[in-house]
Amino acid sequence: MTAKEEQALWQEALQKARTLDAALQADDLSAAARLSDAFSDWLAAQEAVPRLAGLARLVTPGLTRRQLWCVLVPIERRIAKLKVTDVEILEGDADGVGEGKPPMALTVVLDSLRSAFNVGGIFRTAECFGAERIILCGYTATPEDPRVARAALGTERRVPWRYTGDIREAVAALQAEGTPCIALETVPDAPPPDRFEWPFPCALLLGNERFGLPADVVSRCAGVVRIPLFGAKNSLNVGSAFAIAANAIRRSWEAR
């Protein structure tokens, strides 16, 4: 049974429970008895979802509203956990859009990101904008980490990636193959991503959420871009920053 099918069953259970609750609240004992029997039978028949079928034992003849709430509350809680997720949305939207198009000549390099969820989010964004590949460096979590996979929503299987222990090795390898590296950093006077002349192919380097990229790595880059900020906080979440940069890079790629 798929997650969507299970979600539909729990939603149906919720509707039935609320209908029964309305009859009890209106003191319509005849309707309540009929609905209670039908609800109990329906629950017992849901053998494919044992947790749902197990609630049938709580729907007894002559149950009160308080007793019904012992059924209603776990149903609502389960629905909250099984709500339509981004995974289902992503799978439902996999209609071939973008299939067959060559990837954008962009390599994304992540250095020692401490949040596996940020890594997964970057995989998702990279796939959405058509990045060619991702290089993971330092202690950045890889897609084998379930937290990365959870946030990536399957895109970790669509975007090629590799792991390199030291970002300096990754930069040297990229430069050796003729791929200039561009750092995304809070460097004063650096141009914003939408005003930078992006070379293709190129690599975008993103650093640790707190410390950014090492200064010696930034100095080895062919360029630096900075996202202008106007609030009290002088930094964005690395995933949000990457999304802004990726949008600008994609527009530059399309305008070639």
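A few notes on this one:
- None of 216, 189 is among the charged types (D, E, K, R) and on the phi > 0 side of the Ramachandran plot except 189.
- Considering only residues in region 63-82 that are outside any helix (DSSP H, G or I) and modelled with pLDDT of 90 or more, the one that is surrounded by the fewest Cβ atoms within 10 Å (Cβ to Cβ) turns out to be 64.
- Count of region 162-178 residues, restricted to those that are within 14 Å of residue 207 (Cβ to Cβ) and among the β-branched types (Val, Ile, Thr), is 2.
- Restricting 200, 196 to residues that are within 29 Å of residue 233 (Cα to Cα), among the aromatic types (Phe, Trp, Tyr) and assigned by TED's automatic domain parsing to the domain that holds residue 115 narrows the list to 196.
- Residues considered: 173, 203, 246, 241. Of these, the only one that is assigned to a helix (DSSP H, G or I) and touching a residue at least 60 places away in the same chain (Cβ under 8 Å) is 246.
- Taking residues in region 1-19 that are in contact (Cβ under 8 Å) with a residue 24 or more places away in the chain, and partners anywhere that are in a helix (DSSP H, G or I) and among the acidic types (Asp, Glu), the pairs with Cβ atoms closer than 8 Å and at least 6 places apart or on different chains are 3/88; 4/88; 14/76.
- Residue within region 148-162 that is among the β-branched types (Val, Ile, Thr), part of a helix (DSSP H, G or I) and out of contact with any strand residue (DSSP E or B) (no Cβ under 7 Å at 6 or more places or on another chain) present: yes
- Some residue of region 136-154 being closer than 22 Å to residue 252 by Cβ and either in contact with a helix residue (DSSP H, G or I) (Cβ under 9 Å, 6 or more places away or on another chain) or not hydrophobic (A, V, I, L, M, F, W, C) (or both): no
- Selection status of residue 227, over 17 Å from residue 133 (Cα atoms), touching a helix residue (DSSP H, G or I) at 6+ places or on another chain (Cβ under 8 Å) and not in a helix (DSSP H, G or I): yes
- Among the conditions (1) free of Cβ contacts under 8 Å to residues at least 24 places away in the same chain; (2) surrounded by 15 or more Cβ atoms within 10 Å (Cβ to Cβ), residue 157 misses just one, which is (2).
- Scoring residue 186 on the criteria (1) touching a helix residue (DSSP H, G or I) at 6+ places or on another chain (Cβ under 9 Å); (2) in contact (Cβ under 8 Å) with a residue 40 or more places away in the chain; (3) not aliphatic (A, V, I, L, M) leaves a single failure, condition (1).
- Test: residue 178 is of a type in the set (Gly, Ala, Ser) and closer than 20 Å to residue 123 by Cα: no
- As for region 154-165, it holds at least one residue that is out of contact with any Ser or Thr (no Cβ under 7 Å at 6 or more places or on another chain), closer than 16 Å to residue 122 by Cβ, among the aliphatic types (A, V, I, L, M) and at pLDDT 95 or above.
The values are calculated or read from the model by the stated rules, or taken from the named source; none is laboratory data. Predicted, not measured: the structure shown is a model, and the values here were computed from it. We place every Cβ from the backbone using ideal geometry, glycine too, and count neighbours over all the protein chains shown.
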